[in-house]
Amino acid sequence: MSDLVICCDGTWQDATDRSNVVRLYEALDLPPNRRKYVEGVGTGWLLDRLRGGVAGVGIDRDLLAGYRFLVDEFRPDDHIAVFGFSRGAYLARSLAGMVGTVGIVDRAALGGEALEAAVAAAYGRYKAHKADVRAARRAGQEASRGPVTDDALPLVYDPRSPDVPVAFVGVWDTVGALGIPSYLGIPDLLGSRERYEFLDVVLDRRIPHARHAVSLDEMRGPFRPTLWDESAAGAGQDIVQTWFPGDHCDVGGGHADRGLSDGALWWMIEQARAAIELPIADPAVRPDPVDGTLHGLGQGPFGAFGAVVEAATQPRPRATPLVDHTRPLPRRVADSAYERQRARAGRPAGQQYRPTRTLGVGDAVEVVVEAHRSWNATGLYLEPGTYHFTAAGRWGTPLGGGGPRGAARWPIVGDGFGRVVDLVEQGLRQVLDNPEAELVGARREAHEPLMALVGLVANEVTDAEGQVVVTPTGARLEDQKFVIGDDRQQAVDRAGYLWAYGNDAWGSYGNNHGQVVLTVRRLDDQPAPEPAAGERAGARR
């Protein structure tokens, strides 16, 4: 019995970027033919970087490279481990899914062109089957995720076996956005969003061990985490998904300051050693959970290129668990997050880490919401119940000011321009048949007043493919978003952190001024009936 390991790197990353994938690969105490490193998509020349980084071109090529390595090197009774970061994590999970679906072609039984044809046939069968699964899901039908076999194809591992040779899947911050972000309104001429829909990141129930290190602080909209559904785990299946401090690369590596990413690397190494006794030498790591640099967008404004950054990335908070060192959640939140929070609690407000408060029934607290931030972290973790929101103060844009209800009397030029932009955006969506396309200059909530105070509870529920869960009654378990104005009573159905912002266009916040004071009072612990559809904010995030 021997170990066979594949390490898949993230977008634009190769061995020179020193991600956690590279460093774990180099620490493996295995001969070269028992381990493989797959560099990330978009690591070639400029055109390749654009096609790979934006559209995800190259994912299929890398998946085939990983699978072909298994065909060449796998022997019966081998233990396979796959690791990945970012899109490479998506790739690693897809590779594990492919093995469990179509098996591993028997190289010894074939040769030359016959072997190439068999590998292509296995890959084509995997793509077709997963496309059928997704089509059935869209139609509201059940579809089997089980093995797909063809007795004419010689296999060294048959997926109909009760066991699967993949023993461990270890990933850092899986990102499932493989195509051009739909909100950019760019015609997807490459078909990038559809091209990779066959990839399957649902964890095979036969894989005994799976680990996922997830970023608490990544704010880029397209970088939504793709989590495993632990409720669907097989009997005895060992799944751990732990949230770590920092942005995407603070978890998966790649920044020059590795104080935070070293912690996530060491955690993964310890997990792999304990689960399958994977031979890994100790890399040179120096975790610094307290003073390690936390990178990323933060809450804005975003510097000299803030308008471009906001419009291109559309920052958005993640639906994270509660981070409160007085109420720890072992295995769900990393010790390093609690250590950073506890050690920085006495520092000035801008240097603290995720200061968190919860409210008991009857409790109230005031928070400041600044006009120049596209997202204001309130630090309030709202548990299920009914809350009363009130706000007062003045803020505005260069065109004028108003209160938290928004501008009732903006100059006609500004208001008229905004309405024209909104109409053009609606037309763009119809032409492109893309309801998510957004136009620069359009308000985030198209049907609400400019600079109306909006609240969002980051509590969405997604499935293992990163899609928002839809209940049997048709309800979408999205983040709860609502216009507060100066007075609002709101039910919170699922726990999550409260964020707030003024309703402006992406890319425009840096020019805004003023602030409002938001008071939040918890009325009870039973959610009240949801407001009528006409009272809610639009679907834009």
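A short reminder: the numbers here are calculations on the coordinates, not readings from a lab. Just so it is clear, the structure is predicted and the values come from calculations on it, not from any experiment. Counting neighbours? That spans all protein chains shown, and the Cβs are built from the backbone with ideal geometry, glycine included.
The table that follows gives values for the structure above.
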| quantity | calculated |
| --- | --- |
| Three-way shape call for segment 340-389 based on the alpha-carbon gyration tensor, with the a/c threshold at 1.5 | oblate |
| Net +/- balance of residues flanking E73 in space, Cβ distance below 10 Å, scoring K and R +1, D and E -1 | +4 |
| Sorted by Cβ density within 10 Å, fewest first, the residues L359, L216 | L359, L216 |
| Gap separating the Cα centres of segment 331-407 and segment 219-286, nearest whole Å | 28 Å |
| H79 long-range amide H proximity, modeled H, under 5 Å | S2, D3, L4 |
| By average C-beta atoms within 10 angstrom, highest first, the peptides 230-240, 258-268, 115-125, 161-171 | 258-268, 161-171, 115-125, 230-240 |
| Phi-based couplings in Hz for segment 155-170 (Karplus 6.51, -1.76, 1.60; Gly and Pro marked x) | 10, 8, 10, 9, x, 6, 5, x, 10, 10, x, 6, 9, 8, 10, x |
| D282-D72 FRET efficiency (beta carbon distance; Förster radius 30 Å; 0.05 resolution) | 0.50 |
| Distant-in-sequence amide H partners of L359 (H built 1.01 Å from N, under 5 Å) | E383 |
| Sorted by Cβ density within 10 Å, fewest first, the residues E277, E310 | E277, E310 |
| Extension gain (nm, one decimal) between E113 and L399, 0.36 nm per residue minus Cα-Cα | 96.1 nm |
| Residues D77, D17, sorted so that the one with the fewest Cβ neighbours within 10 Å comes first | D77, D17 |
